[in-house]
Amino acid sequence: MVKKADIILCVAVAAVMGAVIILFSLFAGNGKTVVITANGNSRETKLSVDNTVNITDSVLGSNTVVIKGGTVYVSEADCRDQICVNHAPISKEGEIIVCLPHKVTVEIR
Amino acid sequence: MSKRNNKAYPVAFIGVMLAAALLLGYVESLFPYDFAVPGIKLGLPNLLTLIVLKKMGIKTALPFGLLRAAVSNVLFGSVLSLVYAMAGCILSVICMWLIGKVKFFGVAGQSVAGGVAHNIGQIVAAIALLGTPGVLYYTPFLMISGAVTGFVIGVGTGLILERGKQWFEFG
């Protein structure tokens, strides 16, 4: 039922992708700008300046993004899955928080 | 009922498989997936899609998967989750079918390919819907999750096909 090739395939995918994650976290520098895209419109703010942004562009709902001490997190969202609110604060280049139901992304560049 | 080579059996079979897949979709919607990465899930309904694929081929499995995704997401998800599920489903069924053609892979490998492909489909849909390639960041996390859950689901499918042999012999 389980053939050798099955295990090799599973382990190989996990190992290669694990290596990608480790390399990424080793080499990603701290970002400078926060790019918030909501419903196709994007805006940029500085990561170094503490700020609170209310995103209300989306007809689907609203999110509150907090920039504090060089990290960014979503403090509030009126969606039901709350994945973006539970997401750990991000600070490194390339990291992203996504709110799928509201089509909102918060990216660090 | 000794011979199940009549025309009604496959129809009834698909109906039962669809009902079971919807039930598993519901069970899965009850799990609290508290991962930071959206899109990670066990993929229980894929047990049934894989059985349909193995027993009836891709011509039945692809519409089956799409129908399951459509009904399941309308009932337990949202319109957006439906788009992700559809994209994932198409890619996953095609990949499982292709891997099924390669002799040295078993059911588990087929399911691993399906899981990984499903998550790649979701990423593609997310890039299109969100309008930013930034979500590519999640790709390695989702591919690991797809491989691991795919393996588990594949082993489960293998067990069901083996233990319930008498139910799956027809045609």
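The values are calculated or read from the model by the stated rules, or taken from the named source; none is laboratory data. These numbers were taken from a predicted model, which means no experiment stands behind them. FYI the Cβ positions are ideal-geometry reconstructions off the backbone, even for glycines, and counts take in every protein chain you see. Only protein heavy atoms, including side chains, enter the accessible area calculation; ligands, DNA and RNA are left aside. Shrake-Rupley method; radii C 1.70, N 1.55, O 1.52, S 1.80 Å.
General observations
- Filter pass, residue B:159 being more than 10 Å from every other protein chain (Cβ to nearest Cβ), surrounded by fewer than 23 Cβ atoms within 10 Å (Cβ to Cβ) and either hydrophobic (A, V, I, L, M, F, W, C) or not in a helix (DSSP H, G or I) (or both): no
- Set A:88, A:38: member being buried (at least 19 other Cβ atoms within 10 Å of the Cβ) and either over 30 Å from residue B:108 (Cα atoms) or within 14 Å of the chain's Cα centre (by Cα) (or both): A:38
Residue-by-condition table, conditions (1) of a type outside the set (Lys, Arg); (2) within 10 Å of chain A (Cβ to nearest Cβ); (3) at negative phi; (4) without any contact (Cβ under 8 Å) to a residue 40 or more places away in the chain:
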position: B:41; (1), (2), (3), (4): no, no, yes, no
position: B:44; (1), (2), (3), (4): yes, no, yes, no
position: B:67; (1), (2), (3), (4): yes, no, yes, no
position: B:76; (1), (2), (3), (4): yes, no, yes, no
position: B:97; (1), (2), (3), (4): yes, no, yes, no
position: B:102; (1), (2), (3), (4): yes, yes, yes, yes
position: B:107; (1), (2), (3), (4): yes, yes, yes, no
position: B:118; (1), (2), (3), (4): yes, no, yes, no
position: B:121; (1), (2), (3), (4): yes, no, yes, yes
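- Per this entry, residue A:57 is not counted among residues that are closer than 24 Å to residue B:148 by Cα and surrounded by 16 or more Cβ atoms within 10 Å (Cβ to Cβ).
- Scope segment A:13-35; condition among the charged types (D, E, K, R) and loosely packed, with under 12 Cβ neighbours inside 10 Å; matching residues: none
- Single residue of segment B:102-137 satisfying the filter (of a type in the set (Ser, Thr, Tyr) and touching a Gly at 6+ places or on another chain (Cβ under 7 Å)) that is nearest to residue A:99 (Cα to Cα): B:137
- Meets criteria (touching a strand residue (DSSP E or B) at 6+ places or on another chain (Cβ under 9 Å), open to solvent by 80 Å² or more (accessible area, probe 1.4 Å) and in contact (Cβ under 8 Å) with a residue 60 or more places away in the chain) for residue A:107: no
- Number of the condition not met by residue A:69 [criteria: (1) open to solvent by less than 50 Å² (accessible area, probe 1.4 Å); (2) in contact with an Asp or Glu (Cβ under 8 Å, 6 or more places away or on another chain)]: (1)
- Listing of strands (runs of 3 or more DSSP E) fully contained in segment A:1-97 that carry 1 or more residues being facing another protein chain (nearest Cβ under 10 Å): A:33-38, A:41-46
- Residue check for residue A:37: closer than 20 Å to residue B:130 by Cβ, touching a Gly at 6+ places or on another chain (Cβ under 8 Å) and either modelled with pLDDT of 90 or more or hydroxyl-bearing (Ser, Thr, Tyr) (or both): yes
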